[in-house]
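One structure below.
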Amino acid sequence: MSSAQPPGSSSSMNNEDTSVDFFKSTINEYLDNLPESVHNQLFHARETCLAIFRLLPALSKFYIMTLLFHETSVPYSDLNRWIKLNKMNSKQSIQQNPTKIYQNDSIKRLKSLHILKEIKKQMIHPITKQPTIIIFVQLNEIFRQSFRDVLTGFGDDGLKDASQLTINTENNNEDVKPSSNGGLDTIFADDADNKITIEYLDKYCLSKWENILHFMVGTEIKEIPSVGVLTLLRFAGLMELPSDKERRDLMNSVMDDHDIDTEYNEGKTKKLSITTLRQLLITQNGFQFLLQDISSQIWTLLIQYLIMAEKLQMNPVDVLNFIFLLGSLELGQGYNINMLSKTQLIMLDDLQDYGLIYHEKGNKSFYPTRLATSLTSESSSFKNASTAIDQEISQPRNDKSTNVGSIIIETNFKIYCYTSSPLQIAILNLFVNLRARFANLVTGVVTRDSIRTALRSGITAQQIINYLETHAHTGMIEMAEAEYNKNYEFQNSIGNTVALEQLKLEILPPTVVDQIKLWQLELDRVESFRGYLYKDFSNDFEFEKLLSYGEEIGVIVWKDKSKRKFFVSQEGNGQLIEYANKIIRNSNTPRPATPM
Amino acid sequence: MDAISDRAFGESSASTAANIHRVVDETPSLLTVILDLHPLAWKSCRETNDKIDFRNVTASMLVMMNSHLALNSGNRVSLYIANSFSQGVKRVYPEETSLKDTILEKDGSLLKSVGIYGQFKVLDENILDTLDKLFHNEPERLRDIINKDDVFVKGTITGAISRALSAINKLQKHEETLNMKARVLVISVSGDNTIPYVSMMNTIFAAQKMKISIDVCKLGEKSIFLQQTADATNGVYMDIKYPNGLIQYLSNAFFIEPLLRPMIVLPSNTSVDFRASCFVTNKVVDIGYVCSVCLCILSVIPGDERCPTCHSPFEHSLVTKLKRKPKVLPLDVKRMKK
């Protein structure tokens, strides 16, 4: 059995190499797997439409824009016709053409979100006069209506077709505002409370978020996060109680992962008292979580929140709408809570605990913080926001002009980090052998042992490298850039185009990067599978027959013909036994295979 | 062992399709719209095709700009107006007057995320306000100009494009927006006579060098120069046949992001008219004279026998030769050519 995953964690966590992908793929996966009825309900909210639109691949966006103002459906083949198929790649099979893959991806996403609908129409071929079925596509009617409203600013009652869209400009001036129907203006709070400044909100959300992270690393903190936060952390498998660990270890040895997952998760949604939760300890996934950038962290928690909300019988549509709504709100602006549904009021309290929202008890208005308003932003602008917050977290009250990057790593594996934040030091401590600490600097060495401890606790080499790269000191980046430019000019001058293409910006010393990867490979030398060993066959014929059948259905993991043994994966065992029984019945020489 | 090591080292270089996702899906872009306000051209447009309506065009344009902002939260838009008699080239959005403030503000806190709706609203209201103010001034100026019978155009399309290009250049040099892709969309109504040929060509070359596509959405009569512009910069040129459905043109043919261009079949012209125009009379020439020094194109020989662009004197004997020739076979040559 390969490294046991703490249950309840999303299994995709290990597969992703960059944090941005991680966040995007998880929210996308979540959305994709919702049923059509939920999608349709979601599309009624405009903010949600816009947020979902932004999460799509660029080509999907193009398709949507093209179909948005098209009144009739469009033949499916047209979607292909708009795409250039690179002639250079025509030699390769279509599957290998990146453009084609990209296009398929884009269409697949649209279909799984039920934004694109296929309609089959019977048409008479103009030349052969034969009736043929042509597939037409059109946008989901609800999505189309809401999204048009977003772009045009019209209310639900306006605009039935595109020609009406172009109404004179004077009226447009008023129409631009979102209509009262679900629009944002209506939930603007009346009391323009100027006391809550943006600076205050920033400070507020940072302290809340920082507090959660500190709790995870185990720093001494004055105020322990609320029960809601702790329950979620436990539910997400980022932290666990000592008793959970024992239970998990026990179960792991007896049962399959799947069985624990469900049973275990049900137990986890139960509310426990704060004194019990206080004992929570960080898990392997929790370590990985710490290495993500702040935006992915928030999304990870929110997705877990969604899953937990479903278990607690909250309406996922309400929850999602509220999350996406937050993304479209304006920072520093108070919003009235009267417009929110019951579910959303519950969420208000929960999200306040994560620092996404500022809301005073009894006050009629709430304020989204920067963590909330940058939720649906894309990586590029997002990076700024998150790094800035990262920076503030890592250097709470230091000079703000200093750059985000603070880590210097040398080719001799020595590492210097200009920081005084206990959080960053704790994170570094996960994979660095720290040596000395000064007022604003910690030094350490990356060793085989230190990396191996990190790897064993489930952190991947890629995550470590990413972390070092994103937090690299500006000096390192400048040096890497200078090196890159020098190489580029050199290769350019000798006209070596192959080398030019392979040229990469190497922020970290390549020796260090390779070594960290090699250390990971050391651990990967043994791969484990769960399954059954078949041995002691009475004759060659029986052995051969079972083996060839097993190979046909692709369940054989290992075989040794001379010793007449083979190993079958767990999933394939049932099939093979059935087949074996069939043979036995037919041949009347009973000799069952011995699974062990 | 080989297989395993491949996997671990392969992680850093993602497959090409995944690369497309990362690069294309996440690079923000700037859309610069240049709106032609030539009052006389608008008037003649309406006379020939009563479906062209300035209000409709503006509304469609605003929807398109909103859509561009909707694509990606890092996306930006800007709008320039050209060919208006009273104002010249003017940047309408982001507003010029508050330019310094916004840049300073942005430097300080680029993270300030404006609500999506808020962004649309600010954009739409700003633009409509400015256009509204503009039209209050325009009639008086226009009357003066028409009375003077002087068709001097202040602030041409070319001027607007070059200003847009320099703004893009500045943006692309700026640290925060280093990877910003950009494209320009010209919504034009006026004919070629309002476009100075030389500066047009210069802007085309500049755009080519910056790898910025210039799309042209042409209402009213065809324009040879704008056709050439789009062709040379890998842009889209379209004569709008059904102005009613302008939004569909804008959201489809003119909505191709710079990074998607290699993938999508552009709705481009097959036949582009490559004729140049005379530097003196501004008319398109089939056959003309070329200055041997600066390659300036002339349909007539100027009276002072000097090149109007580089002022180098033409050789008198040659000029007389050239002048004499058409006198010998003035009509026949032309007819035979045709």
Student exercise, region A:407-521 dipole from Lys, Arg, Asp, Glu Cβ charges, in Debye to nearest 20: 620
Coil-residue trypsin sites (Lys or Arg not before Pro) of region B:180-236, DSSP, other Cβ within 10 Å capped at 16: B:K211, B:K222
Cα point-scatterer Debye curve for region A:407-521, base-10 log of I(q)/I(0) at q = 0.18, 0.22 Å⁻¹: -0.91, -1.20
Candidates per trypsin sites (Lys or Arg not before Pro) in region A:304-367, loop by DSSP, up to 10 other Cβ within 10 Å: A:K361
21 Å Cα-Cα threshold exceeded, pairs from A:K203/B:K173; A:K545/A:K565; B:K51/B:K222; B:K211/B:K283; B:K173/B:K209: A:K203/B:K173; B:K211/B:K283
Per-residue mean of C-beta atoms belonging to partner chains within 10 Å, peptide B:251-261: 4
Highest average packing first - A:345-357, A:322-334, Cβ atoms within 10 Å: A:322-334, A:345-357
Ordering of A:516-522, A:456-462 by burial proxy (mean other Cβ atoms within 10 Å per residue, highest first): A:456-462, A:516-522
Region B:151-294 - convex hull of the alpha-carbon atoms, volume per residue in Å³: 141
Shape call, region A:531-592: gyration tensor on alpha carbons, a/c limit 1.5: oblate
Residue mean of other protein chain beta carbons inside 10 Å, A:39-50: 1
Cα-based Rg of region A:457-539 normalised by 2.2 N^0.38 Å, two decimals: 1.81
Where region A:480-596 is the region considered: accessible area per residue in Å², 1.4 Å probe: 67
Threshold 30 Å², region A:478-519 residues less accessible with all protein chains present than alone (1.4 Å probe): A:K517
Shielding score for B:57-64, defined as the mean number of other chain Cβ atoms within 10 Å: 5
Given charges at beta-carbon only (K, R positive; D, E negative), |dipole| of region A:531-592 in Debye: 220
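The values are calculated or read from the model by the stated rules, or taken from the named source; none is laboratory data. Every value quoted in this text rests on a predicted model; they were computed, and no experiment measured them. A quick note on method: Cβ atoms are made from the backbone with ideal geometry, for glycine too, and the neighbour counts reach across all protein chains shown. Heavy atoms of the whole protein, side chains included, go into the accessibility calculation; ligands, DNA and RNA do not. Shrake-Rupley method; radii C 1.70, N 1.55, O 1.52, S 1.80 Å.
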